[in-house]
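So the structure is just underneath, and the comments pick up after that.
The values are calculated or read from the model by the stated rules, or taken from the named source; none is laboratory data. Bear in mind the structure is a predicted one, so any value in this text is a computation, not a measurement. Because the Cβ atoms are built from the backbone with ideal geometry, glycine has one as well, and the counts that use them run over all protein chains shown. For the accessible areas, the whole protein counts, side chains as well, though only heavy atoms, and no ligand, DNA or RNA atoms are used. Shrake-Rupley method; radii C 1.70, N 1.55, O 1.52, S 1.80 Å.
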Amino acid sequence: MYRTIANIAKRFFTDAQIYKYGFNWSPMYKRSTGKIIEVSDDLHYVKIKIPLSWKNRNYVGSMFGGSMLSATDPIYMIQLINILGDAYVVWDKAATIKYRRPATSTVYCEFVFTTEEIRQIKLNISKKGEIDIIKNPNIITKDGTVIAKLSKTIYVADKTFYKEKRKLNT
């Protein structure tokens, strides 16, 4: 459903606008309490904020860790799907979060792919058919204090390779 809406929206809006407002208006993402606040035109940079509120405050008054994880979870996958295009399959494979201190105010997280990383991803996939990418962003406060360290593993494959692999595994 979301992909169909995005394809229709491409007639009227830029990819960055669709990415930002698509996430922010999506009921599933709104529930995470996260909000995308910045997206570069090429989608290589995304910044989110997660405000501390009654919706995500836990028993001891700090931010519920699940809110931080759920607000950061889908960003890289959808970002990479949009950057790479339809010739690739992209899946979230794993996520871990290591909390360093309680979040007692709004926190932020940045998601970055460099042009060189994208070039290397395409090159590695052309050689191997599939790869896992590991990204390690931090969730930080406004002053840069690290609240949590994330590790995201994203599976990326050539679509033809992926279909052939699936046939062999059935």
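Of all residues in the range 121-136 being over 16 Å from Ala94 (Cα atoms) and in contact (Cβ under 8 Å) with a residue 12 or more places away in the chain, which is nearest to the chain's Cα centre (by Cα)? The extreme case among them is Ile121. Scanning the range 70-87 finds no residues that are of a type in the set (S, T, N, Q) and outside any helix (DSSP H, G or I).
Being farther than 15 Å from Ser67 by Cβ, open to solvent by 80 Å² or more (accessible area, probe 1.4 Å), in contact (Cβ under 8 Å) with a residue 12 or more places away in the chain and in a helix (DSSP H, G or I) holds for only one residue in Ile18, Ile5, and it is Ile5. Of the strands (runs of 3 or more DSSP E) lying entirely inside the range 105-170, the ones with 1 or more residues being out of contact with any helix residue (DSSP H, G or I) (no Cβ under 8 Å at 6 or more places or on another chain), open to solvent by 40 Å² or more (accessible area, probe 1.4 Å) and of a type in the set (Ser, Thr, Tyr) are found at 107-112.
Within the range 45-63, the set of residues being out of contact with any strand residue (DSSP E or B) (no Cβ under 6 Å at 6 or more places or on another chain), surrounded by fewer than 17 Cβ atoms within 10 Å (Cβ to Cβ) and not basic (Lys, Arg) comprises Pro51, Ser53, Trp54, Asn58, Tyr59, Val60, Gly61. The residues listed here are Leu80, Leu84; of these, the one that is over 22 Å from Leu150 (Cα atoms), in contact (Cβ under 8 Å) with a residue 40 or more places away in the chain and crowded, with 16+ Cβ neighbours inside 10 Å is Leu84.
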